[in-house]
Each structure stands twice: as structure tokens, then as C-alpha cells.
Amino acid sequence: MGDQLKIACGVFAAINYENQPIFPYVYWGLRAQNHRGHQSHGFLTYSDGKFHVHRSLDLVPKIKTSAIQEWFGRLPGNLGIGNVRYTTSGKSDEKSLIKGTQPVTVSKNGLKLAVSFNGNVVNTFQVNKEIGTEFPQFSYECDAELICHKLIVGLLKGKDLSSAVKSCMQEVDGAFSVAGITQDGSFFAFKDPHGIRPLCAGHSPDGSTYAFSSETVSLDINGFIRDFELEPGEFVTVTKEGFKRRKLVNGERKAFCAFEYAYFARPDSRFDDKYVYEIREEFGRNLVRENLEVVKNADMVLSVPETGDDSALGVHEASGLRWERASRRHRYVTERAFLLLSKERQSTIDRKINILAPKIDGKHIIVTEDSIVRGDTTKVIVEKLRRMGAKKVYLFVTFPRIIGPCLYGIDMATYGQLIGSKHTPEEIAKIIGADAVCYQSIEGLVRATGAARDQLCMACITGKYPTPLAQKIADTMKKRFMEGHEETGRLYEIEELYEQVQSTTK
Ligand code: SF4
């Protein structure tokens, strides 16, 4: 269940070359990716040199049949980009959320740009300062605005689009997967030089439509064929003839987010040649191989639905233990913890999952969980299992112990909020009331993904950040945390501290 953790964004963008309206494709693309961001959503289409925009808070809505024509009228054109967002940067009051909803646009001196973005900018102040030279009044509500303005500043200086994108790749520290449209209807996408966040490309079987998407599920829902995952530092444009790929920045190591495999991506999404659920099943098999003594003492495996389901199958296969399907989600109890009063929070998590007491009474249970971040959600689940009569509760956690913050777009920004940053697995077991907490090893995780170890970002579990400024910031945050300074938020959003770190980085 991952402590209700949030990712920054999901991107979907498409163009049709038979002049068909693009809105339905973008709509379904975003519906399939709502798990990547549920605070706000937005659509932007392009026709006759104009951008048409609809942005709103909350999940992508269901559209009534009677309202379909109105949506088509509001969002005309054969080219469009969309975004679902959860804020990991900027402010999160309602007014700011509305202002920070993507896609974002910027225009100046006849130039226009719209982008949909997933990731997080680390050197915000530096990028902000450069933008201030062209846009003195600029103040941003989301990192997408930084990227969009950074690109247009390049264009205003006379660069062509690929050179402006290259400057962005070279000068912005952080994670960014971007799809965009220019004033003349050019359609493009690119990824940061480490390729931290996902972005793939695909096309319709009849060759009329081309698309970019954070996850393959959004290609599937549209009946599209997946072509490729964008390479780190790659810039891709689209014409009637298809995709044109150019690697603009070489030499950095690829660092794809390992947490996508364990938690964020939908199980039916595919990275390279593997479906995410297959990888999660292997996580379960690994956990059995790594914890044979615990397995010997267990009567059954139970999953925390639904992100623990695939690894529970793996545990069942490798151990022969029955996967007891005695934990189920109440399908329509969908309140999210952040919308509730804090005293309501725990009981809401508790209410979401039904556990069948007669099935677990007196039993020794292995519970599969995708990750432990703060530990509060897991604690509620363990308490509930105890109340229902479980004699022993062993947690099998597929993502290794999280010891540091993510500076690349996942909602875990400080050391203080991470139970694993200050406690051993034995201490964590005590705090959450389990008999043992067994994390998958880093080696096991890497092997199951099929990726090379040096091609993954695992900064939050190893403390080694792929970008230099992020490393410096994380080290400074850790030092201050150990010295007992209060963590008031993301260090890179506190100008004074950011300047301190910057000056020691040069
Ligand atoms: S720090 Fe962790 S969550 Fe963030 S990008 Fe790296 S692996 Fe993913």
C-alpha cells in the first residue's frame, strides 16, 4: 500500500494525421494513468495555430454521453497533450493546485509553447533566475512552468527547438519526461539525460496516430502498438512518416527509477520487455529464497491488496504456501487520506481493507507489502491482523528499506518522514507491531527487473543520487537531520540553504 505515496505526474500526448479529433485518445490515455496523479488533470489540443485548454482538479471525470459534443467543441484539433498531477513541488493549497495544473503554456514575441511534464527540477532557483531575465514577473506553481519557460527562453535567444531542448537537458538538474507542442504545431517529446522517469512512444495499427505516454497501459487502452521507450537525453519529433529520434546528450549514466517497478507503475504496464506484474512476482520468489527460516514457520501468505498481490503469487509459487485471499479491498471506499482530518486517517485506511478473521485466526502469516515509507499505514494493517487473531505477522516487503528522500518526483522529500532512515528492520518490526520485517535485497530487486544495476536510480535505498546537485542536497539534508535541525520541507525549495549547497558544489 506504500503509505498512500504519490508520484508527480502522468503524461499522454498524441497526433492524428487523418484529421480526426485527438481528444478521445488523450482522454482515455489519461484515464488509464490516473494512478500517477489524482489531484488535478488537464487537456490541451491544437488547431489553427491556437491552444485549447481544459484544466481541473481531481480525477479525470467520467463524461456523460450528452456532454460528449461539448467536450469535442471545447477541445478541437488533431493534436493534443494531457497530464494528471499530484504536486511534489510548489504549493498545495487549492488555488495553487489549480494554477499548477498541467499542461502549461507560455507565449512571448509570437512564440508559443505548451508542455506536459513528469518529474522534478532540483536546481529550481538557478533555472528561475535565468527565466527572470526574460520574464521579470515570473513566479511558478509547478516545475512544468520552469521547463516550459526555460525552453522558450532558449527559443527567444534564437535557438531552434532541438538546441533549446539540449540546453534544458544540460542545465536543469533533476528528472523530466516531457511532451510538447509549439505555435506552428510541431509535436515533440524528450527525457532528461539520466532517463529517470518513464516515457514511451507508440502508434495506431493503421499508422494514422502517434503517441507518447508515461506508461504502456495508455497505449493499450487506445489499441496502440508500443514502439520504444525514450532513451536518456533523447529528443523525438513526429511527422506523417513517424518518429524521428535524436540523442542530444550523451555520456551520462541511465538511472531509471527502481521504485516504478515496485510500486508506481500499473502491473499491466511494460518497461522494455517485461510486464511490471511479472517483475513483482519474481520479487515474491526472491523474498522466499532470502527468508527460508521465516517461510518454514508460516502457515499462509496474505497480500495487502492490490500492490501486494503479484508478489504474493510469487511467494506462493516459490514456497508452496497457500495464498489465502482473505484480504479484500472495499471497491467503492475511495476516500484518500489527505482529504481527511488527521484523527480520521487511520480508521479510513483500516476501513478500506476487509480481512476475514476466521481465515487467519491463530495462524502464522506472511504479508506481502510493496514498500514501507512512514510506516503508519503498515502499522494499521498489522494491528488489524492482530485484532483478527493472527498469531504471527511477518512482513515481506518488495522494495528494499528506504533510507533517503526522493528528489526526482516522488512524494517522500525529507529524512524525518522515512521510518527506514533512522531505524533498522528489527526496530521497524517493533514499531509497527510485526514479528519480523523482511525487505527484499537490493541485488534481488535488480536481478528481477532485468536491468543492469548501474542503469537504475536507487538513490532512496542506497543514498547514491545520479545527479550531482541532488547528491549534495541529500547529503546536506542528512547532516542537518542528524544534527537535529527541523526539516521544514524540501531543502531545494529553501533559497538560503540551496545557495549554501550550490556554493560548495562549484
Ligand atoms: S530516489 Fe527512489 S523513488 Fe526517487 S527516482 Fe530514485 S529510485 Fe525512484
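Observations on the structure shown:
- Odd one out for Glu260, checked against (1) out of contact with any His (no Cβ under 9 Å at 6 or more places or on another chain); (2) away from the ligand (no atom under 16 Å from the Cβ): (2)
- In the set (1) touching a residue at least 12 places away in the same chain (Cβ under 8 Å); (2) more than 16 Å from the ligand (Cβ to nearest atom); (3) not assigned by TED's automatic domain parsing to the domain that holds Leu385, the condition left unmet by Thr239 is number (1).
- Filter result for Ile461 (more than 22 Å from the chain's Cα centre (by Cα), crowded, with 19+ Cβ neighbours inside 10 Å and touching a residue at least 60 places away in the same chain (Cβ under 8 Å)): no
- Any chance Val178 is in contact (Cβ under 8 Å) with a residue 24 or more places away in the chain, open to solvent by 10 Å² or more (accessible area, probe 1.4 Å) and within 28 Å of Gly49 (Cα to Cα): no
- Among the residues of segment 271-286, those identified as over 18 Å from Glu306 (Cα atoms) and either without any contact (Cβ under 8 Å) to a residue 60 or more places away in the chain or not basic (Lys, Arg) (or both) are Phe271, Asp272, Asp273, Asn286.
- Enumeration of residues in segment 181-207 that are open to solvent by 10 Å² or more (accessible area, probe 1.4 Å) and within 16 Å of the ligand (Cβ to nearest atom): Pro193, His194
- Search result, residues across segment 13-43 that are touching a strand residue (DSSP E or B) at 6+ places or on another chain (Cβ under 9 Å) and over 15 Å from Leu59 (Cα atoms): Ala13, Ala14, Ile15, Asn16, Tyr17, Glu18, Gln20, Pro21, Ile22, Phe23, Tyr25
- Selected residue (criterion: surrounded by the fewest Cβ atoms within 10 Å (Cβ to Cβ)) from residues of segment 208-226 that are touching a residue at least 60 places away in the same chain (Cβ under 8 Å) and polar (S, T, N, Q): Ser208
- First in segment 407-431 and within 27 Å of Phe176 (Cα to Cα) and of a type in the set (Ser, Thr, Tyr), second anywhere and part of a loop (DSSP other than H, G, I, E, B) and away from the ligand (no atom under 16 Å from the Cβ), Cβ under 6 Å, 6 or more apart: Thr414/Glu487
- Tally of residues being outside any helix (DSSP H, G or I), surrounded by fewer than 19 Cβ atoms within 10 Å (Cβ to Cβ) and either modelled with pLDDT of 90 or more or over 21 Å from the mean Cα position of the chain (by Cα) (or both) across segment 464-492: 7
- Of all positions in segment 35-42, at least one carries a residue that is part of a helix (DSSP H, G or I) and in the same structural domain as Ser186 (by TED's automatic domain parsing).
- Residue satisfying all of: in segment 421-437; open to solvent by 10 Å² or more (accessible area, probe 1.4 Å) and in contact with a Leu (Cβ under 8 Å, 6 or more places away or on another chain); nearest to Asp370 (Cα to Cα) among these: Val437
- Taken over segment 53-81, the criterion of being without any contact (Cβ under 8 Å) to a residue 40 or more places away in the chain and either within 30 Å of Phe264 (Cα to Cα) or not assigned by TED's automatic domain parsing to the domain that holds Val11 (or both) is satisfied by His54, Asp58, Leu59, Val60, Pro61, Lys62, Ile63, Lys64.
- Taken as a whole, the condition of being free of Cβ contacts under 8 Å to residues at least 60 places away in the same chain and either hydrophobic (A, V, I, L, M, F, W, C) or more than 16 Å from the ligand (Cβ to nearest atom) (or both) applies to Pro267.
- Any hit, segment 150-160, residues being on the phi > 0 side of the Ramachandran plot and exposed (fewer than 15 other Cβ atoms within 10 Å of the Cβ): yes
- Every residue from segment 409-425 that is outside any helix (DSSP H, G or I) and either within 16 Å of the ligand (Cβ to nearest atom) or within 18 Å of the chain's Cα centre (by Cα) (or both): Gly409, Ile410, Asp411, Met412, Ala413, Thr414, Tyr415, Gln417, Leu418
- Matching residues in segment 228-254 - criterion: being in a strand (DSSP E or B), open to solvent by less than 60 Å² (accessible area, probe 1.4 Å) and in contact with a strand residue (DSSP E or B) (Cβ under 6 Å, 6 or more places away or on another chain): Phe228, Glu229, Glu234, Phe235, Val236, Thr237, Val238, Phe243
- Scope segment 377-408; condition more than 21 Å from Phe283 (Cα to Cα) and within 16 Å of the ligand (Cβ to nearest atom); matching residues: Gly404, Pro405, Cys406, Leu407, Tyr408
- Taking the criterion of being touching an Asp or Glu at 6+ places or on another chain (Cβ under 7 Å) and hydrophobic (A, V, I, L, M, F, W, C), the residues of segment 397-426 that qualify are Val397, Phe399.
Each row is one residue, and each column tells you yes or no for (1) in contact with a helix residue (DSSP H, G or I) (Cβ under 8 Å, 6 or more places away or on another chain); (2) at pLDDT 95 or above.
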site	(1), (2)
Gln4	yes, no
Tyr17	no, yes
Gln20	no, yes
Tyr25	no, yes
His38	no, no
Ser66	no, no
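- Strands (runs of 3 or more DSSP E) wholly inside segment 145-214 containing at least 1 residues that are closer than 23 Å to Leu97 by Cβ and at pLDDT 95 or above: 174-182
- Some residue of segment 426-441 being outside any loop (DSSP other than H, G, I, E, B), under 18 Å from the mean Cα position of the chain (by Cα) and within 16 Å of the ligand (Cβ to nearest atom): no
The values are calculated or read from the model by the stated rules, or taken from the named source; none is laboratory data. A quick note: this is a predicted structure, and the numbers were derived from the prediction, not measured. No Cβ is skipped: glycine too gets one built from the backbone with ideal geometry, and neighbour counts run over all protein chains shown. Heads up: the accessible areas ignore ligands, DNA and RNA and are worked out on the full protein's heavy atoms, side chains in. Shrake-Rupley method; radii C 1.70, N 1.55, O 1.52, S 1.80 Å.
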